[in-house]
1. Percent of alpha carbon pairs in segment 6-72 separated by more than 18 Å?
2. Please enumerate, by chain and number, the lysines with C-alpha under 25 Å from the C-alpha of K104, excluding those fewer than 8 residues away in the same chain.
3. Check the straight Cα-Cα distances from K33 and name the lysines below 16 Å, setting aside those fewer than 8 residues away within the same chain.
4. How big is segment 84-169 by the Kirkwood estimate over distinct Cα pairs, in Å?
5. Among I66, I136, I47, which one shows the biggest mean-square fluctuation in a GNM of the chain, springs joining Cα atoms closer than 10 Å?
6. Based on Cα coordinates alone, diagonalise the gyration tensor for the chain, multiply each eigenvalue by 5, take square roots, and list the semi-axes in whole Å, largest first.
7. At what distance in angstrom do the alpha carbon centres of segment 58-115 and segment 122-156 lie from each other?
8. In segment 16-84, what trypsin sites (Lys or Arg not before Pro) fall in a loop by DSSP, with at most 16 other Cβ atoms inside 10 Å?
Amino acid sequence: GSAGLKVPSGLQFRPRGGNVLYQTTAEATLSDKGTVTVSASAMTPGIMGNLSDNTTATLLSAPQGIDSAVTIKTMRGGTDAESDTSLLSRLLELMRRTPAGGNKYDYRRWAMEVSGVTEAYVYPLRRGYGTVDVVITASGGLPSDETLKAVQAHIDDQRPVTAKDTLVMAPEP
């Protein structure tokens, strides 16, 4: 597109061969190179809105001066509604491992309390005294940056003050 043009919020696009529609959620301005990075979200909730990095898509109605080609850098973090089985499993886990002042089961529970987290692995003291590392997975694979930040914030609010350094991360291959 032409440098300086505004990309409005609400523009809809569809990945090639896909059924889910997406739309921009913020306004942005095209750079001197004629490109822009803008926030977007799936219009259909759930994991079916998650996409592989660098997926190509097309704007349904491109404004004048803006190319219809879209490259989706990353689109993940969508989660399906929790099933009754999953809810029961979380309740039983809480009953089996009641809060204990910040042990590894507490960290796991705190991570699992955040929407979209499907599993959490806790590694106390992995980086030294006073450290706790928490590795999380999400619906559909790797957690989004937003999910990682949400889990980090939630654990930081819950953890004991003596836990000096808690780090939430995605698994590495």
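1. Distances greater than 18 Å cover 30 percent of the Cα pairs.
2. Those lysines meeting the cut-off are K149, K164.
3. Here the lysines satisfying the reach criterion relative to K33 are K6.
4. Taking every pair of different Cα atoms in segment 84-169, averaging 1/r and inverting gives 13.1 Å.
5. I66
6. 39, 19, 12
7. 13 Å
8. R16, K33, K73
Throughout, read-outs are computed from the coordinates displayed, never taken from laboratory work. Keep in mind the model is a prediction, meaning the values are calculated, not measured. All Cβ positions, glycine included, derive from the backbone under ideal geometry; neighbour counts span all protein chains shown.
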